[in-house]
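The values are calculated or read from the model by the stated rules, or taken from the named source; none is laboratory data. Since we're looking at a predicted model, the values are computed, not measured. Positions of Cβ are generated from backbone atoms using ideal geometry, with glycine treated the same way; all protein chains shown enter the neighbour counts.
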Amino acid sequence: MKIKTAWEIALERTESIKSDKTTIEQFEARQNGRKTANDFLDCAIGKNEKSKTIIEEALKKVSKEQRQTFKTGVFETLISRLNLPSSKDDMKTLDAVGNGLQHIINDTRLNNAFRQFKDIISRYLDDVEQYEQAIKQQYAPRLRQKEAELSKRMGQQVRIDPFQDPEFSAFYKQNMDTLRRKYQSFIDQIRQDAETAFNKQ
């Protein structure tokens, strides 16, 4: 067994310290990227003009060695906000994500794909409303039958909230899940396209 000299031990410790320092710097750069992305989104969603320069200004302060790690933090945060909208206001978030990606990914095809993606997703909320109406109409005869049976049994008029009816809830969920899966596939695709473009940078 070889006995290490004091010099070899000291050298190993120095390398370990350097490695630890690099790891810490990479972690901090990534966290800084995430914070910058959140600041950008807050300003962009609020239509604050400051959003146009937040990412560029932050990039100028990042060393060349840490720039890609910083961008990774920005990218991860932006991509995490790509979700199906639950209201019209959520479309502002998708707009902001698209603008943010342009600051860190220089890819015309991705920009075009994102515009098409937003056009498709903008129809999602209208489809949700139409699906809901269609589901209620389709289930209405069954619901009236249940109301009539309950009214006869209880000797008074009974009205059933469809969403309190387990059978309707299951029927509603089944149909709405089908719609969500259809649109979720577009979310998954644009995420994949963005990741591919980002990794090429």
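So here's what we get for this one:
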| item | result |
| --- | --- |
| Test: residue in the range 30-51 that is among the polar types (S, T, N, Q) and in contact with a Cys (Cβ under 8 Å, 6 or more places away or on another chain) | yes |
| Unique residue being out of contact with any Gly (no Cβ under 9 Å at 6 or more places or on another chain), in a helix (DSSP H, G or I), loosely packed, with under 12 Cβ neighbours inside 10 Å and hydroxyl-bearing (Ser, Thr, Tyr) when the list is Thr23, Thr93, Thr53 | Thr23 |
| Residue that is surrounded by the most Cβ atoms within 10 Å (Cβ to Cβ), among those in the range 70-90 that are more than 15 Å from Asn199 (Cα to Cα) and among the small types (Gly, Ala, Ser) | Ser80 |
| Tally of residues being aliphatic (A, V, I, L, M) and farther than 16 Å from Thr36 by Cα across the range 94-109 | 1 |
| Given (1) loosely packed, with under 11 Cβ neighbours inside 10 Å; (2) in contact with a helix residue (DSSP H, G or I) (Cβ under 6 Å, 6 or more places away or on another chain); (3) within 30 Å of Glu76 (Cβ to Cβ); (4) not charged (D, E, K, R), number of the condition Asn199 does not satisfy | (2) |
| Qualifying residue in the range 185-196 (condition: of a type in the set (Lys, Arg), touching a residue at least 60 places away in the same chain (Cβ under 8 Å) and under 30 Å from Glu76 (Cα atoms)) | yes |
| Residue in the range 130-144 that is farther than 12 Å from Phe186 by Cα, surrounded by 15 or more Cβ atoms within 10 Å (Cβ to Cβ) and at pLDDT below 90 present | yes |
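Residues checked against (1) of a type outside the set (S, T, N, Q); (2) part of a helix (DSSP H, G or I):
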site	(1), (2)
Lys118	yes, yes
Arg159	yes, no
Gln189	no, yes
Ala197	yes, yes
Gln201	no, no
